[in-house]
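The values are calculated or read from the model by the stated rules, or taken from the named source; none is laboratory data. Everything numeric in this text was worked out from a predicted model, so none of it was measured. As a convention, Cβ positions derive from the backbone with ideal geometry for all residues, glycine included, and neighbour counts pool all protein chains shown. For accessibility, only protein heavy atoms count, side chains too; no ligands or nucleic acids. Shrake-Rupley method; radii C 1.70, N 1.55, O 1.52, S 1.80 Å.
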Amino acid sequence: MKIQMNVNGQERILDVPPLRRLIDILREDMGLVAAKIGCGEGECGACNVLVDGEAVSACLIPAVQIDGCRIVTLEGLATSNDDALAALHGAFLEHDASQCGACIPGIVMTCRGMFDDLRNRRPSEAEVRGLLAGHLCRCTGYEAIVRGILKWLEMKSEP
Amino acid sequence: MTQADRNEPRRRNASKLFYGTEPFVDDLPAQGDWHGGTVRSRIAHGRLIRLKFSPEFDWSQVVVVTAADIPGKNLVVCHEEDQPSLCDGTIRHYGEPLALIAAPDGELLHKALRAVEPVVEPLPAVFDPFESLKGETRIFGKDNLFLEIPISKGHAAKQFASCDVVVETNHFTPAQEHAYLETQGMRATLEGNGVRIEGSMQCPYYLVAGVARLLGIPETDVRVSAMQTGGGFGGKEDFPTMLAGHAALLARKCGRPVRMIYSRSEDMAATTKRHPAWIRRKTGLSRAGQFLAMELDVVLDGGAYATLSPFVLSRAALHAVGPYRCDHVSICARAVATNHPPNGGFRGFGCPQVHFATETHIEACAEKLGVDPVELRRMNLMKPGDAMPFGQLLGPGTYPGVVLDEALHRSRFEERRAEIEAKNRTSERRTDSGDFEKRGIGLAMFMHGTGLNAYWEKSVRSRVRLAATAEGQVCVLTAQAEFGQGTLTALAKIAAESIGLADSDILIDHPDTALVPDSGPTVASRTVSIVGSLIHEAASRLRQHIEERAGLAAIYDPRRLKAAIASCVSGGDSMVFEAEYSPTDDTDDANTWAPPNAYPAYALGCCVAEVKIDTLTGEIGVVDVHMICDAGAVVCHRLATNQVFGGAVQGIGWALTEKLAWNESGGMRNASLSDYAIPSAADVPEIHAHFLDDQHSERYRYPIGLGELPMEGPGPAIANAVAMATGRRPRRLPISPEWIVCSQGPEES
Ligand code: FES
Ligand code: FES
């Protein structure tokens with residue numbers, strides 16, 4: 001079927017099977033490989049991208065559901081002078097939040113997707129852990145990721 | 001200033017990992033690659049009569065490889081030569097590879113895989129190692145025993161008679177899935193007369209040997225490039241040899257690049273797990289609490305092929321009594337074949353299993369004697385110069401007692417224990433008012449010898465190379481893979497400091513066997529310890545050379561040093577320096593599995609864990625974890641601390657939630673990340689990590705190796721905390737809510 005979507009600011013029309021997963025459209029058809037595949041069943045969050053501003057698992061979304069949607073991948077964010085992303089990058093580097101890195105781009109997208117909601121309140125450590133519950137990371141034990149996110153939010157609340 | 005705030009180099013590829021631009025193998029551009037897949041057995045044991053290819057499928061669109069297509073030896077190269085690359089007629093486990101298929105796209109591949117039906121004649125299968133030892137079902141050799149390692153010191157059997165107290169316990173630790181977030185993946189391309197492999201792996205040179213043997217070509221015709229690897233934990237130690245072979249066979253047959261990327265369910269069902277272990281432990285003590293005699297039986301379920309089982313067994317046997325002194329010890333350790341898929345290396349490599357038994361057994365001993373388990377440990381912990389059961393003396397500066405004291409101090413163990421005891425007493429009375437919470441605190445000691453055991457470390461003959469450039473920079477060339485441990489960052493730092501250059505003037509990349517020498521596998525916590533020491537040696541030579549050439553006594557300024565190196569290279573000096581591993585003492589060549597000086601040094605640890613238990617639902621929450629580690633010098637504190645966090649959380653998962661379920665054919669039934677529960681951020685507490693490393697002792701001048709150590713503490717520490725909370729000792733992991741709420745006594749094993 002033909003679907004129309006906006007990917008990283010560009011209008012695209014694609015002819016794809018209706019059940020082809022968004023993650024395969026992005027990775028295989030468009031070469032956008034920042035989002036990874038960890039489980040293929042919505043459990044690990046490694047494939048998260050923004051669909052209409054919200055972080056969702058691209059391995060769960062068939063082509064039919066994205067007709068007319070606005071998709072932003074990490075490649076798109078990285079080239080858009082996004083201050084919040086740059087600040088998160090700094091905080092993650094400071095805390096060495098990535099180990100193998102397979103889970104990180106998905107976590108970055110979730111953080112970015114929640115940014116507008118998070119900027120107005122200062123979530124506790126326990127809340128941040130809760131926000132990450134849709135992600136799996138086997139390397140870090142989450143500690144450095146949680147500390148990185150808390151640091152990022154601290155930076156954002158200072159003008 | 002906390003330890004992690006020190007001014008240290010950042011992880012080298014941190015930015016690329018953040019933006020998702022550091023390529024994993026499946027991130028490589030398509031380049032016309034075909035997709036490879038595997039036809040697998042669905043029975044545990046039997047004969048493969050033939051493969052039935054459905055006439056409804058157009059087989060001209062795809063390529064099929066069976067054992068008959070293998071030009072070299074049908075073998076997955078490892079220690080024993082028992083595992084075929086593709087089924088040789090006998091199926092020995094569920095998920096065993098029977099044939100391979102490559103297709104131009106993934107969808108067609110899946111159609112083709114579904115169009116093959118193996119015709120089999122099932123045989124009786126055995127999944128229990130004790131059943132297997134009876135030998136009624138033949139899997140390996142004449143007795144299904146991969147290896148038996150006996151270790152004995154003194155006269156344990158005689159000594160028990162003169163002990164005041166004898167305590168005997170049985171323990172079981174379960175299989176564990178690695179669950180690295182990137183599944184196994186490999187790409188093979190024909191190149192010149194041979195083949196090029198790119199993929200997810202820990203040990204590039206294992207693949208060189210394996211692919212060459214399988215294809216019957218010289219090793220020089222196999223080039224292996226490790227990509228950024230999405231977690232390994234031992235699961236990408238031996239298995240990638242098989243996968244690289246499969247990709248190479250397909251690439252050779254279809255004449256194009258072939259990419260094989262496992263789905264999560266295939267990865268979980270077909271690849272190795274941590275060895276399940278059955279451990280019987282018997283200790284005789286004096287009334288005062290001294291360990292007088294010990295007897296230990298360790299049985300590992302190796303699965304259908306030997307793979308790394310002998311090596312895991314060796315480490316388990318050598319660490320079986322833990323950091324404790326005892327003059328009369330008898331150990332019998334066996335790795336047994338069953339019809340489960342092969343079990344293999346997993347962070348800790350036999351140590352988590354034996355430490356679980358030791359550290360929970362000691363608590364039972366203390367209870368029997370009526371003494372404080374902490375005091376019982378303290379009384380029996382080794383000191384430098386004390387002998388281990390296989391003859392090695394604990395090295396200078398190695399003080400388990402200091403690690404224990406540091407852990408007690410940092411976790412306020414005794415204070416917390418008293419508070420919890422008091423609270424538990426009152427909350428018992430308040431049960432009717434709805435307060436069903438009990439708390440417990442427990443600790444465990446653990447230790448880990450660095451590197452492969454002396455015999456095998458010697459046989460690897462690791463080599464590293466440093467090569468200077470005309471810009472005055474230095475390339476570090478080793479075969480060590482990067483899978484999140486920070487290999488590239490740590491080895492570069494060792495080189496920078498040993499040479500005296502700025503960190504930014506060290507060049508290091510993912511290993512490519514066309515460029516790097518064989519510095520051995522990336523396993524056994526040997527990267528910074530063994531390979532790091534070789535880099536230090538080569539770097540010292542480079543430095544000495546440059547000082548002589550430049551006619552300077554010593555160059556302390558990195559910029560001047562860089563200029564001196566640049567002018568040397570520009571002047572035609574090749575400036576390549578190598579170092580090769582040479583053991584300091586004569587290793588007994590006959591003693592492969594328990595050499596007397598087994599490891600050059602031992603890393604030590606102590607874990608304190610606090611749990612809360614809902615006595616109504618059985619739910620167990622870990623509320624506090626302290627990890628005290630003594631691993632010699634710490635190369636990069638930030639990275640090392642994060643390694644400890646990651647290892648500790650794997651240990652928490654192993655202790656509480658990671659339960660493998662088997663199907664009737666001995667395969668993994670819950671082969672998905674939704675059915676096999678690894679911890680999420682919400683399941684684990686903040687973890688406190690601390691290193692003993694800033695003392696003035698010789699021990700802290702060099703790194704000992706840390707990668708595996710942190711995995712080994714939480715299992716027994718949590719079990720001991722649960723015992724305090726419930727009054728019942730868990731003898732097996734994982735500890736389930738069902739066990740907590742069931743009203744019977746301690747679980748039998
Ligand atoms: S790959 Fe999509 S959630 Fe895991
Ligand atoms: S860093 Fe490896 S899975 Fe998160």
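Among the conditions (1) within 14 Å of chain A (Cβ to nearest Cβ); (2) among the small types (Gly, Ala, Ser); (3) at negative phi, residue B:225 misses just one, which is (1).
Can you find a residue in segment B:162-169 that is in the same structural domain as residue B:279 (by TED's automatic domain parsing), surrounded by fewer than 24 Cβ atoms within 10 Å (Cβ to Cβ) and part of a helix (DSSP H, G or I)? Yes, segment B:162-169 has at least one match. Might you check whether a residue that is over 26 Å from residue B:40 (Cβ atoms), part of a helix (DSSP H, G or I), in the same structural domain as residue B:292 (by TED's automatic domain parsing) and open to solvent by 30 Å² or more (accessible area, probe 1.4 Å) occurs anywhere in segment B:136-158? The answer is yes, given that some residue of segment B:136-158 is over 26 Å from residue B:40 (Cβ atoms), part of a helix (DSSP H, G or I), in the same structural domain as residue B:292 (by TED's automatic domain parsing) and open to solvent by 30 Å² or more (accessible area, probe 1.4 Å).
The single residue among A:107, A:145 that is more than 16 Å from ligand 1 (Cβ to nearest atom) and either free of Cβ contacts under 8 Å to residues at least 12 places away in the same chain or in contact with a helix residue (DSSP H, G or I) (Cβ under 9 Å, 6 or more places away or on another chain) (or both) turns out to be A:145.
If you take the residues of segment B:155-187 that are closer than 26 Å to residue B:371 by Cβ and among the charged types (D, E, K, R), which of them is nearest to the chain's Cα centre (by Cα)? Top of the filtered list is B:168.
Considered as a group, the residues in segment A:110-136 that are in contact with an Asp or Glu (Cβ under 9 Å, 6 or more places away or on another chain) and in contact (Cβ under 8 Å) with a residue 60 or more places away in the chain include one that is farthest from ligand 1 (Cβ to nearest atom), and that residue is A:112. Let me confirm something: among A:31, A:45, which residue is within 11 Å of another protein chain (Cβ to nearest Cβ), of a type outside the set (A, V, I, L, M, F, W, C) and buried (at least 22 other Cβ atoms within 10 Å of the Cβ)? Criteria check complete, one pass: A:45.
With the condition kept exactly as written, say whether any residue in segment B:620-636 is of a type in the set (Gly, Ala, Ser) and farther than 30 Å from residue B:688 by Cα. Quick ask: steps written out before the conclusion?
Initially, segment B:620-636 is screened for residues of a type in the set (Gly, Ala, Ser), giving B:621, B:631-633.
With farther than 30 Å from residue B:688 by Cα added as a condition, the list becomes none.
Looking through segment B:620-636, none of the residues is of a type in the set (Gly, Ala, Ser) and farther than 30 Å from residue B:688 by Cα.
Taking the criterion of being acidic (Asp, Glu) and over 24 Å from the mean Cα position of the chain (by Cα), the residues of segment B:489-516 that qualify are B:497, B:503, B:505. Of the residues A:61, A:37, the single one that is open to solvent by 20 Å² or more (accessible area, probe 1.4 Å) and within 16 Å of ligand 2 (Cβ to nearest atom) is A:37.
One residue stands out in segment B:658-689 among those that are within 14 Å of chain A (Cβ to nearest Cβ) and within 23 Å of residue B:93 (Cβ to Cβ): the one that is most open to solvent (accessible area, probe 1.4 Å), namely B:675. Among the residues of segment B:706-735, the ones that are open to solvent by 10 Å² or more (accessible area, probe 1.4 Å) and within 18 Å of residue B:447 (Cα to Cα) come to 3 in all.
Condition first: within 13 Å of chain B (Cβ to nearest Cβ) and under 16 Å from residue A:69 (Cβ atoms). Now tell me which residues in segment A:1-18 satisfy that.
Pass one, segment A:1-18, residues within 13 Å of chain B (Cβ to nearest Cβ): A:16-17.
If the condition is that a residue be within 13 Å of chain B (Cβ to nearest Cβ) and under 16 Å from residue A:69 (Cβ atoms), then A:16 is the only one that fits.
Only one of the numbered conditions (1) in a helix (DSSP H, G or I); (2) within 12 Å of chain B (Cβ to nearest Cβ); (3) touching a helix residue (DSSP H, G or I) at 6+ places or on another chain (Cβ under 6 Å) is violated by residue A:76, and that is (3).
With respect to residue A:98, is the statement that it is under 16 Å from the mean Cα position of the chain (by Cα), more than 7 Å from chain B (Cβ to nearest Cβ) and not in a helix (DSSP H, G or I) true? It is false that residue A:98 is under 16 Å from the mean Cα position of the chain (by Cα), more than 7 Å from chain B (Cβ to nearest Cβ) and not in a helix (DSSP H, G or I).
Do the conditions hold for residue B:177, that is, is it touching an Asp or Glu at 6+ places or on another chain (Cβ under 8 Å) and closer than 30 Å to residue B:282 by Cα? Answer is yes for this residue. May I ask you to verify whether residue B:22 is open to solvent by 40 Å² or more (accessible area, probe 1.4 Å) and not aromatic (Phe, Trp, Tyr)? It is false that residue B:22 is open to solvent by 40 Å² or more (accessible area, probe 1.4 Å) and not aromatic (Phe, Trp, Tyr). Cβ-Cβ distances below 8 Å connect the following pairs, each with a first residue in segment B:154-183 that is away from chain A (no Cβ under 14 Å), a second residue that is within 16 Å of ligand 2 (Cβ to nearest atom), and a separation of six or more residues or different chains: B:174/B:658. Looking at segment A:49-64, is at least one residue under 29 Å from residue B:672 (Cα atoms) and facing another protein chain (nearest Cβ under 9 Å)? No: zero hits. On the stretch given as segment A:113-159, residues that are within 12 Å of chain B (Cβ to nearest Cβ) and either in contact with a strand residue (DSSP E or B) (Cβ under 9 Å, 6 or more places away or on another chain) or outside any helix (DSSP H, G or I) (or both) total 11. Where the second residue is β-branched (Val, Ile, Thr) and in a loop (DSSP other than H, G, I, E, B) and the first is within 30 Å of residue B:236 (Cβ to Cβ) and lies in segment B:307-328, which pairs have Cβ atoms under 7 Å and are six or more apart or on separate chains? Close Cβ pairs (under 7 Å, with a partner that is β-branched (Val, Ile, Thr) and in a loop (DSSP other than H, G, I, E, B)) amount to B:307/B:272.
For segment B:31-51, does any single residue satisfy the condition of being of a type in the set (Lys, Arg), modelled with pLDDT of 95 or more and under 18 Å from residue B:270 (Cβ atoms)? Among the residues of segment B:31-51, at least one is of a type in the set (Lys, Arg), modelled with pLDDT of 95 or more and under 18 Å from residue B:270 (Cβ atoms), which makes the answer yes.
Here residue A:35 passes the criteria (1) touching a Ser or Thr at 6+ places or on another chain (Cβ under 7 Å); (2) more than 16 Å from ligand 1 (Cβ to nearest atom) except the one numbered (2).
The residues of segment B:78-92 that are crowded, with 23+ Cβ neighbours inside 10 Å and farther than 16 Å from residue B:211 by Cα, listed by number, are B:87, B:91, B:92.
Scanning segment B:210-235 for residues that are in contact with a strand residue (DSSP E or B) (Cβ under 8 Å, 6 or more places away or on another chain), closer than 23 Å to residue B:67 by Cβ and buried (at least 24 other Cβ atoms within 10 Å of the Cβ) gives B:211, B:222. Looking only at segment A:79-95, residues that are at the interface with chain B (Cβ under 9 Å from one of its Cβ atoms) and at pLDDT below 95 come to 0 in all.
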